[in-house]
Amino acid sequence: MINNISILKNITILYAEDEKDLREVTHQILKGFTKKQYVAQNGQEGLELFKKYENEIDLIITDVNMPILNGLDMVKEIKK
């Protein structure tokens, strides 16, 4: 049986979270399971990271309520 967690070792994540402590803790957890992580402090930063690294990013994890650009609007822009 293949360990499902091992699949994550090939995944690159974009993670957007405005709350500093939560962002840092979650980033440390993600580092242990995923190949690479791009971390944004708000939706605008997340959108810019996506545009720069979209060919690498496999999964996006985002907070919804963030300053500058919220997570839902960030995703809408990415879908365009």
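The values are calculated or read from the model by the stated rules, or taken from the named source; none is laboratory data. Remember, it's a predicted structure, so these values are computed and weren't measured experimentally. Cβ placement follows ideal geometry from the backbone for every residue including glycine, while neighbour counts extend to all protein chains displayed. With ligands, DNA and RNA removed, areas are computed over all heavy atoms of the protein, side chains included. Shrake-Rupley method; radii C 1.70, N 1.55, O 1.52, S 1.80 Å.
Observations, loosely collected:
- Computed FRET value (nearest 0.05) for I68 with F33, which takes r as the C-beta separation and R₀ as 25 Å: 0.35
- Close Lys-Lys pairs in the chain, where close means Cα under 18 Å and separation is 8 or more or interchain: 13
- With the simple model of a label 7 Å out from the Cα in the direction of the Cβ, K51 to K79 spans 2.0 nm.
- Charge dipole of the chain (Cα centre as origin; +1 on each Lys and Arg Cβ, -1 on each Asp and Glu Cβ, all else neutral): 360 debye, rounded to the nearest 20.
- Carbon plus sulfur fraction of accessible area for the chain, probe 1.4 Å, in percent: 53 percent
- Computed Rg/Rh of the chain, alpha carbon atoms with Kirkwood Rh: 0.99
- Within the chain, helix-based [θ] at 222 nm, where runs of 4 or more DSSP H residues each add -39,500 (n - 2.57), nearest 500: -13500 deg cm²/dmol
- Shown here for the stretch 1-75: GluC sites (Glu not before Pro) in loop regions (DSSP other than H, G, I, E, B) with at most 10 other Cβ atoms within 10 Å, namely E54.
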